[in-house]
Structure formats: C-alpha cells, structure tokens
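The values are calculated or read from the model by the stated rules, or taken from the named source; none is laboratory data. Treat the numbers as computed from the prediction; the structure is a model and nothing was measured. With ideal geometry, Cβ positions are generated from the backbone for all residues, glycine too; neighbour counts draw on all protein chains shown.
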Amino acid sequence: MTLGGRVRRGFFLTLEGIDGAGKSTLAKTAAELLRTRYPDVRCTREPGGTPLGEALRRLFLEERGLPIGARAECLLFSAARAQHLEDVIEPALEAGTAVICDRYVDSTLAYQGAGRGLSRERVEALQNWLAPSWRPDLSVLLDLPVEEGRRRGQARATPPNRFEDEQRTFHEAVRKCYLELAAAEPERIRVLDASRPLPEVLEALRVVLEAAMPEAEAGP
Ligand code: T5A
C-alpha cells in the first residue's frame with residue numbers, strides 16, 4: 001500500500017464516534033494490542049498532534065465564545081490535519097510504526113458535513129486534496145445513543161466544548177452520518193456498540209483489531 005506515492009509499512013487505526021463515545025479510553029487498549037505486532041505505536045489525536053494542531057484544539061475547545069463559521073471551521077480542522085499528516089502520520093507509517101489517531105477524516109465528514117450542513121462532496125474533495133491516500137487500514141466507530149454520550153460527557157470535570165454545547169439534532173445528524181459512512185465502507189469502518197459495559201467493548205475491539213492486522217511475516 002502506498003501513502004503519497006511512497007511505500008507504507010505501518011498500520012493506521014482511527015477511532016471515531018460522537019462526543020463521549022469512549023475513544024480515548026479505547027486508545028490505550030488498542031495501543032497494547034498493536035504493540036504485540038508493532039514494537040512502536042504512536043498515539044495521537046485530532047485536532048492536535050502538532051504545535052499547530054494543539055493550538056487550534058485550544059481555540060476550538062476552550063474559546064467557546066469566538067465566532068467560527070462552518071466553512072472556516074472545516075478549513076481549520078483540515079489545516080491542522082495537513083500539518084499532522086506531514087509531520088507525524090506519514091513519517092510514522094513510512095517508518096513502520098503503528099499509528100492510532102483519536103478522530104480523523106470521518107470526524108470532518110460527520111461534524112462539518114452532516115452536523116454543520118456543509119456539502120458532503122466539498123468536504124470530501126477537500127480531504128482528498130490534503131490527504132490523497134488518507135484511508136486508514138481500520139477505523140473503529142464507537143456507536144452509542146446521543147443521550148448516553150452526553151451523560152458520559154457531563155460526568156467529566158471539564159466544561160463542555162463548542163460541539164458538546166450543540167443541540168441534540170446536531171449530534172443525531174453526526175451519529176447518522178457516521179453510520180452511513182460505515183455502511184458505505186464496511187471493510188474499513190467497523191462499528192462497535194459502545195453502550196455495552198467497557199470490558200465487552202474492549203473485547204470487541206480486540207476481535208476486530210486482530211482480524212484487521214496483517215499476518216506477521218514468517219521468519220527466515
Ligand atoms: N471535531 C474534531 C470536528 O468537529 N471535526 C473534526 O474534524 C475533528 C477532528 C474534539 C471535538 O472536535 C470535533 C469533535 C469533538 O467535539 P475532544 O475533546 O477530542 O474534542 O472530544 P471527544 O473526541 O469527543 O473526546 P471525549 O473525551 O469527549 O470523548 P471520548 O474520547 O470518546 O470518550 P472517553 O474515552 O473520554 O470516555 C468518556 C467517559 O465515558 C466513560 C469513560 O470512562 C469516560 O468517563 N466510558 C464508559 N462508561 C461506560 N461504559 C463504557 N463502555 C465506557 N467507555 C467509556
């Protein structure tokens with residue numbers, strides 16, 4: 001498989017879902033599982049992963065009063081991603097590292113496309129331009145009802161971010177879009193029922209990850 005025309009040797013896993021679905025919780029277990037096959041595992045997140053990405057993250061999540069229109073929002077997430085790909089994701093995959101990314105392109109399709117109501121074709125075209133070979137080897141979609149995600153988010157000490165503040169209809173549109181993306185690409189996007197108890201979700205993650213990881217190469 002190639003990435004930007006170069007040989008790609010690592011394994012690229014992305015975690016997706018509505019706010020509070022359990023992505024950060026699962027990232028730790030995913031790293032332990034991947035480490036059995038890949039000695040180096042890089043955990044990263046979007047927005048974030050680079051100084052630019054972390055600066056934009058603070059802007060999005062902490063500056064709740066700052067007006068940001070839907071198109072600007074989409075471009076800013078995409079700018080952070082372009083930097084993240086160039087500085088972190090592509091070099092790591094080329095070096096044979098497994099990369100786990102908490103949110104990626106599907107988040108932009110779901111939140112800025114379906115949530116904000118931007119044209120799906122335009123959002124997709126932008127993603128294809130900035131990351132021509134952007135498809136992860138595996139994307140795990142943690143699906144759960146919006147109300148449950150909200151409940152889990154409210155249990156945290158941190159104040160809600162600009163997205164968590166959105167109406168229920170916004171989050172329902174995001175969830176629906178995620179499920180449509182998964183239905184369109186069932187090989188890449190595996191849906192886990194994240195409303196189940198955590199040990200069950202972790203076991204389901206183990207099963208899909210082991211099935212998706214390439215066979216270990218036979219020794220000499
Ligand atoms: N965004 C991002 C866009 O709009 N466009 C984009 O392109 C991108 C990249 C990022 C925001 O930016 C938006 C989407 C987001 O709103 P964030 O803080 O990274 O902000 O938001 P989240 O990714 O949603 O992070 P959260 O921490 O809110 O959610 P997680 O990581 O999904 O959930 P997690 O693991 O922190 O778990 C939440 C709570 O639930 C518990 C955990 O212990 C924790 O307390 N939990 C469970 N409880 C019961 N049963 C289970 N199975 C559980 N799993 C976890």
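Scanning the range 81-127 for residues that are polar (S, T, N, Q) and either near the ligand (Cβ under 9 Å from one of its atoms) or closer than 22 Å to Arg57 by Cα (or both) yields Gln83, Ser107, Thr108, Gln112, Gln127. Number of residues in the range 38-57 that are under 14 Å from Cys101 (Cβ atoms) and in a loop (DSSP other than H, G, I, E, B) equals 5. For the range 118-159, enumerate the residues that are touching a strand residue (DSSP E or B) at 6+ places or on another chain (Cβ under 7 Å) and either farther than 27 Å from Leu209 by Cβ or of a type in the set (Val, Ile, Thr) (or both). Within the range 118-159, just Val140 meets the criteria. When the residues of the range 79-114 are filtered to those that are among the acidic types (Asp, Glu) and within 14 Å of Arg135 (Cα to Cα), the one that is surrounded by the fewest Cβ atoms within 10 Å (Cβ to Cβ) is Glu90. For the subset of the range 38-89 comprising residues that are polar (S, T, N, Q) and more than 15 Å from the chain's Cα centre (by Cα), which member is nearest to Ala114 (Cα to Cα)? By that ranking, first place goes to Gln83. Within the range 77-97, the residues that satisfy the criterion of being within 11 Å of Arg42 (Cβ to Cβ) and part of a helix (DSSP H, G or I) are Val88, Ile89, Pro91, Ala92, Leu93.
Restricting the range 25-51 to residues that are over 27 Å from Gly153 (Cα atoms) and in contact with a Gly (Cβ under 8 Å, 6 or more places away or on another chain) leaves a set whose member that is surrounded by the fewest Cβ atoms within 10 Å (Cβ to Cβ) is Asp40. None of Arg135, Arg150 is touching a residue at least 40 places away in the same chain (Cβ under 8 Å) and either β-branched (Val, Ile, Thr) or closer than 21 Å to Glu166 by Cβ (or both) except Arg150.
Entry remark, the range 12-24: residues being near the ligand (Cβ under 6 Å from one of its atoms) and in contact with a helix residue (DSSP H, G or I) (Cβ under 7 Å, 6 or more places away or on another chain) number 5 in total. Each residue in the range 160-192 was checked for being within 9 Å of the ligand (Cβ to nearest atom) and touching a strand residue (DSSP E or B) at 6+ places or on another chain (Cβ under 8 Å), and 0 pass. The single condition among (1) within 15 Å of the ligand (Cβ to nearest atom); (2) in a loop (DSSP other than H, G, I, E, B); (3) modelled with pLDDT under 95 that Phe60 does not meet is (2). Take Arg156 and decide whether it is surrounded by fewer than 11 Cβ atoms within 10 Å (Cβ to Cβ), at pLDDT below 95 and within 12 Å of the ligand (Cβ to nearest atom). Considered against the rule, which asks whether it is surrounded by fewer than 11 Cβ atoms within 10 Å (Cβ to Cβ), at pLDDT below 95 and within 12 Å of the ligand (Cβ to nearest atom), Arg156 comes out as yes.
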